[in-house]
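Read the figures in this text as sums done on the coordinates, not as results from a lab. This is a predicted model, so every value here is computed, not measured. Please note: Cβ atoms are built from the backbone with ideal geometry, for glycine as well, and neighbour counts cover all protein chains shown.
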Amino acid sequence: MKKYMKSLCMAGMLCTVALQAQAIDWDWGIKGGMDFTGSSYKGLISDIQANDNQGFFIGPMAELSLPLGFSVDASVLYLQRKTKFENSDNSSTTNYVRRSIDIPLYAKFTFAPFKLFGIFAGVGPSFTFDVKNDNLGEKLYTLIGQENRTPDEKLFDQKKQVSLNFMVGVALFKHLRASINYRTPLGSVTQTSKTGWEDILAGDFSSKDKMWQLVVSLTF
């Protein structure tokens with residue numbers, strides 16, 4: 001009897017492991033979207049205003065599906081952000097562009113009682129590395145029509161940023177997902193002393209990246 005019970009328990013454990021292994025699945029695909037808002041800038045003179053933030057991102061992704069609706073989502077994205085600066089004194093404008101590699105990671109939970117439709121939520125960090133940025137100091141000096149007194153220095157030179165992301169969205173036909181993301185930076189903002197930049201700064205300069213994003217992903 002004991003041998004029979006042990007054999008039965010062992011068979012049950014093997015079945016459980018097999019079912020869980022079948023529930024784990026890899027999906028590969030592509031992710032892209034748009035930024036609704038971008039960086040905020042403080043310390044600029046009153047004539048210079050930053051507005052019309054926009055951007056886009058696109059790249060490959062992978063999702064590891066786990067039992068009970070949990071999953072892990074990772075992607076490597078090309079992220080490009082643009083901010084339009086305007087001189088309110090003469091209505092001239094200039095565009096400042098940042099180009100980055102963005103690596104967001106999400107722990108997600110999906111509730112999908114029907115095969116064709118589900119809702120999900122997720123949270124996780126993102127690691128952003130700037131690869132090529134315009135020279136913001138040069139852009140702003142051109143905007144006010146003056147020569148940059150410190151051409152070899154950069155007003156804004158943020159190389160990397162760690163952020164925390166929150167997402168909520170819908171899943172259609174299992175392979176198509178659309179979500180709204182909110183991203184907030186972790187740690188201190190980028191800051192530059194006013195010294196040497198008095199023509200374009202009214203105080204110490206700082207920038208903070210808070211973004212609302214529309215994200216669409218398609219897995220295969």
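Just a few scattered comments:
- Of all lysines in the structure, the ones whose alpha carbon falls short of 19 Å from that of Lys132, not counting any fewer than 8 places away in one chain, are Lys82, Lys84, Lys154, Lys159, Lys160, Lys208.
- The charge dipole of the chain, taken about the Cα centre with unit charges on the Cβ atoms of Lys, Arg (+1) and Asp, Glu (-1), comes to about 1440 debye, rounded to the nearest 20.
- Relative to the longest principal axis of the Cα atoms of the chain, the long axis of helix 2-23 makes an angle of roughly 30 degrees.
- A Förster distance of 30 Å, applied to the separation of the beta-carbon atoms of Phe166 and Gln146, puts the FRET efficiency at 0.10.
- Helical content of the chain, expressed as a calculated mean residue ellipticity at 222 nm, amounts to -4500 deg cm²/dmol (DSSP H runs of 4 or more residues, -39,500 (n - 2.57) each, divided by residue number, nearest 500).
- Normalised by residue count, the chain yields a Cα convex hull volume of 135 Å³ per residue.
- Of all aspartates and glutamates in the structure, the ones whose alpha carbon falls short of 13 Å from that of Lys42, not counting any fewer than 8 places away in one chain, are Asp204, Asp209.
- For region 160-220 versus region 62-135, the spacing of their alpha-carbon centroids is 8 Å.
- Cα→Cβ-extended label distance, 7 Å offset, between Ser193 and Ser91, nm: 4.0
- Under 25 Å from Lys174, Cα to Cα: lysines that are on another chain or at least 8 residues apart: Lys31, Lys108, Lys115
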